[in-house]
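Structure, as structure tokens:
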Amino acid sequence: MRILKLTSPYMRGEDVKKAQKALQAYGTWVGKVDGIFGPQTAAAAKQAKWMLGYPERQCTQTYGQALHDYLTRKKKPNRLMRRRSEKRKVSNKPMREKALDEAIRWIGVKEDPPYSNKVMFSDWYGLRGPWCAMFVTWCYTKAGSKSFDPKKARWAYCPFMVNDARAQRNGLIVVPINKVQPGDIAMFDWQRDGISDHVGIVETKPNSKGDFKCIEGNTSQGNDSDGGEVMRRTRNKRQVQIFIRVVR
């Protein structure tokens, strides 16, 4: 297998598909197996190396035969790699779980005064307006994400987040419902008109009926998208336009 790495244009081929399938089976790749070695595939390779116990300096965004053999179990990690891997499982909590912890921390926070959109999250973002996406941006920034960045205006508008995930831009990818994990992002479309109205952070996986719990900013029992409070809400997959995973 050739060494797969980020190039311009991106590397393509059947070996990239094999790499994506191996990363998918290992759990670090949730995108489409398209045979294109882009930024998200590269990030998945780096994450796999970290989880396997590679030395930190070797956790690069490349994919070669050695990594493929580890992922397909043709080769077993050595004792030192196993020790690193076990240590990292304890200390390296997934970013999405950190973001969820941050979201739960702020349940009950309200706008002051009511109906003003004045709240700590909009003040921090630097924009006075509907703040559900600003809340998600806050949570993921605190969790260490490099994608969510108020200085670059990412993201205060839900449809922009949807567009970036569908294009696999800025560290966002679309996640199928059967792959959704706590800490992933739910984009809601109440009118089912193709335009995202609201966003929250998934707390529980959708059950057999499609129901799940979500932590959301700027919501209430009387106003799903502009209710002025951070709340835990029960939602259903029918209300969701797409689910998103943050990969960096």
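The values are calculated or read from the model by the stated rules, or taken from the named source; none is laboratory data. Bear in mind that the values here come from a model prediction, so they are computed numbers and not experimental data. Cβ: placed from backbone, ideal geometry, glycine included. Neighbour counts: every protein chain shown.
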Q) How many residues does the range 1-36 hold that are without any contact (Cβ under 8 Å) to a residue 40 or more places away in the chain and under 19 Å from the mean Cα position of the chain (by Cα)? A) 7
**Q.** Those residues of the range 223-248 which are closer than 19 Å to Val119 by Cα and surrounded by fewer than 23 Cβ atoms within 10 Å (Cβ to Cβ), in sequence order
**A.** Asn223, Asp224, Ser225, Asp226, Gly227, Glu229, Met231, Arg232
Q. What single numbered condition from (1) part of a helix (DSSP H, G or I); (2) basic (Lys, Arg); (3) surrounded by 14 or more Cβ atoms within 10 Å (Cβ to Cβ) fails to hold for Lys118?
A. (1)
Q | Residue list for the range 146-159, filter: within 15 Å of the chain's Cα centre (by Cα) and either closer than 12 Å to Ile244 by Cβ or touching a residue at least 24 places away in the same chain (Cβ under 8 Å) (or both) | A | Lys146, Ser147, Phe148, Trp155, Cys158
Q.
Against the conditions (1) more than 30 Å from Glu203 (Cα to Cα); (2) in contact (Cβ under 8 Å) with a residue 40 or more places away in the chain; (3) crowded, with 19+ Cβ neighbours inside 10 Å; (4) in contact with a Leu (Cβ under 8 Å, 6 or more places away or on another chain), where does Gly64 fall short? Just the number, please.
A. (3)
Q: Would you mind telling me which numbered condition in (1) of a type in the set (A, V, I, L, M, F, W, C); (2) surrounded by 18 or more Cβ atoms within 10 Å (Cβ to Cβ); (3) modelled with pLDDT of 95 or more Ile195 fails?
A: (2)
